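Q: Submitted below is the structure of interest, expressed as structure tokens.
The values are calculated or read from the model by the stated rules, or taken from the named source; none is laboratory data. Bear in mind the structure is a predicted one, so any value in this text is a computation, not a measurement. Note: ideal-geometry Cβ built from the backbone for every residue, glycine included; neighbour counts use all protein chains shown.
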Amino acid sequence: MIRNSTLPILMCVCVIVLAAALLVPAPVSAQSGDYVLVASHWGAKQTAAVEAAGGTVIWGHPGSGIGMASSTDPNFLDQVMSSNAFKSGSPDVVVQWVPAQPEPTSITPDDETFYPLQWNVRSVNAPDAWAAGCTGAGVRVAIIDGGIWNEHVDLDDNLDTACSVSFVPGEPYNSDVGTFWHGTHVAGIVAAEDNGIGTIGIAPEATLMGVKVLHNGSGSFGAVIGGILYASDPASFGLGGCQKADIINMSLGALFPKSASGGGQLVGAMAKAVNFAASQGVLVISAAGNNGLDLGQLYDYTFVPAQSGSGLAVSATGPVDFANGGTNFRRLASYSNYGEDLVSVAGPGGDFTLYPVGLWYYDMVLSTSRGSGASTTSYSFAAGTSMASPAVAGVAALIKSSHPGISLGALKTLLQQSADDEGPIGQDQYYGHGFVNAYRGCTQ
């Protein structure tokens, strides 16, 4: 049974402005130490070629032919490519989250209840979908992101800890830096539990898989690619007892110059990983990014993974002055990227156009966060396409739970066709096919 109970336990609320893991590429280094390699198939031949060139295999995925290797030899890439075991190779690129707005400001409102603040949940008609029996039960959603705080009371029962993993060396899936934890906020938007305590997710009975690829907002192409392959094929990484995800959410991205040295190979490998996930029936959903750019016109740049392979990209919307009655939840957010070749659908990501006037932070999205110490009941406001993407992933989980056995193609079509047409009539550069509607998708 889905209920909208809340208790005023807002112990640590941080206003996070545009906390969206927006990634920009660092210069590609020929001596980065880590390399992304692509073959038609990864097997003994590829491993032997890496070792013969003085490298070490970090991981190799047979089905996609993508792998990661490490070497301190500056000539490693030339040597391994001369073996004819690989189709392409490139030094991995580490990218860094760059906040696009002022530093976070802490606030502690005392007597708040939670569900009334979750305008995002109501904007996609999730309560009507719950009433129709759509809860997300039986659907697995992989959160490819930063760390997820597994002891949060709104996440602990929905998180599959045994199958949650990290692609960040030396850091477990349930670790990160600070008190916000981007991955934890994203996870709560998808599937915060129906427990009568704090917030409620759009698909409150879905199962979450934590796949850590970022730490303190930084990550690499190799880690993200590995996370996609793991979520869609755990057995190839030695976890045969883990079921693959049905849906992958990636609230991260890099605005990547196509002319960057080695960039084409990395972008191609990312697309190949997304398409491999699709071949396994996994729906890949990604944030469109927060640059406020028309990416349909930026021909020299690509935003990945939003524009990678067959995945879906999500633009963001948000109200103005929700605290004083603003209800236009479907206005395009001030920061959202857009473009005809980018946006598939739109979702609620929040905004901050009133900053720093009044209760401007109520226009953002409230969800779970790490807090400090042993806290298990911390929540934060944040805005970005990072918040819109998991909202769409949650809607997709509701739709899939109400249509058991639905194919990937049918799920994508239903998610798009059931969306409410907003903006210019028909498919457009701002909303794609429209603003997602959970009730319509569940009942069609």
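Q: Show the residue pairs meeting these rules: Cβ distance below 7 Å; 6+ apart or different chains; first residue within the stretch 63-76 and without any contact (Cβ under 8 Å) to a residue 24 or more places away in the chain and over 15 Å from V93 (Cα atoms); second residue not in a strand (DSSP E or B) and not basic (K, R).
A: These pairs meet every condition: D73/G54.
Q: Scan the stretch 394-426 for residues that are part of a loop (DSSP other than H, G, I, E, B) and in contact (Cβ under 8 Å) with a residue 40 or more places away in the chain and jot them down.
A: Residues satisfying the conditions are P404, S407, A419, E422, G423.
Q: Any residue at all in the stretch 239-250 that is of a type in the set (S, T, N, Q) and surrounded by fewer than 17 Cβ atoms within 10 Å (Cβ to Cβ)?
A: yes
Q: Which of (1) farther than 20 Å from D428 by Cβ; (2) in a loop (DSSP other than H, G, I, E, B) does A323 not meet, given it meets every other one?
A: With respect to (1) farther than 20 Å from D428 by Cβ; (2) in a loop (DSSP other than H, G, I, E, B), A323 is out only on (2).
Q: Quick check on G178: is it at positive phi, part of a loop (DSSP other than H, G, I, E, B) and surrounded by fewer than 24 Cβ atoms within 10 Å (Cβ to Cβ)?
A: Judged against the criteria, G178 is a match.
Q: Just to be sure I understand, how many residues within the stretch 330-348 are in contact with a helix residue (DSSP H, G or I) (Cβ under 9 Å, 6 or more places away or on another chain) and more than 24 Å from F381 (Cβ to Cβ)?
A: Total satisfying the criteria: 1.
Q: Another question, then. At positive phi, surrounded by fewer than 24 Cβ atoms within 10 Å (Cβ to Cβ) and either free of Cβ contacts under 8 Å to residues at least 24 places away in the same chain or not assigned by TED's automatic domain parsing to the domain that holds V224 (or both), is that true of G339?
A: No: the conditions fail for G339.
Q: Taking into account only those residues within the stretch 259-291 that are among the β-branched types (V, I, T) and in contact with a helix residue (DSSP H, G or I) (Cβ under 7 Å, 6 or more places away or on another chain), which is farthest from V94 (Cα to Cα)?
A: Applying the filter and picking the extreme gives V282.
Q: Another question about this same structure. When only residues in the stretch 126-162 that are polar (S, T, N, Q) and buried (at least 23 other Cβ atoms within 10 Å of the Cβ) count, which is farthest from G371 (Cα to Cα)?
A: By that ranking, first place goes to T135.
Q: Does at least one position in the stretch 199-218 carry a residue that is out of contact with any Gly (no Cβ under 9 Å at 6 or more places or on another chain), surrounded by fewer than 24 Cβ atoms within 10 Å (Cβ to Cβ) and not aromatic (F, W, Y)?
A: For the stretch 199-218, residues out of contact with any Gly (no Cβ under 9 Å at 6 or more places or on another chain), surrounded by fewer than 24 Cβ atoms within 10 Å (Cβ to Cβ) and not aromatic (F, W, Y): present.
Q: Under 7 Å between Cβ atoms, at least 6 apart or on separate chains: pull out the pairs that start in the stretch 313-328 with a residue that is surrounded by fewer than 24 Cβ atoms within 10 Å (Cβ to Cβ) and end on any residue that is of a type in the set (V, I, T).
A: What qualifies is V320/T353; G326/V320; N328/V320.
Q: Taking F352 and the conditions (1) modelled with pLDDT under 95; (2) closer than 16 Å to V186 by Cα, which numbered condition does it fall short on, given that it satisfies the others?
A: (2)
Q: Taking the options L354, L366, name whichever one is part of a loop (DSSP other than H, G, I, E, B) and either crowded, with 20+ Cβ neighbours inside 10 Å or touching a helix residue (DSSP H, G or I) at 6+ places or on another chain (Cβ under 7 Å) (or both).
A: Going through L354, L366 in turn, just one is part of a loop (DSSP other than H, G, I, E, B) and either crowded, with 20+ Cβ neighbours inside 10 Å or touching a helix residue (DSSP H, G or I) at 6+ places or on another chain (Cβ under 7 Å) (or both): L354.
Q: G210 - would you say it is more than 21 Å from V304 (Cβ to Cβ) and of a type in the set (G, A, S)?
A: Criteria met by G210.
Q: For the list (1) under 24 Å from S310 (Cβ atoms); (2) free of Cβ contacts under 8 Å to residues at least 60 places away in the same chain, I need the number of the one condition that G240 fails.
A: (1)
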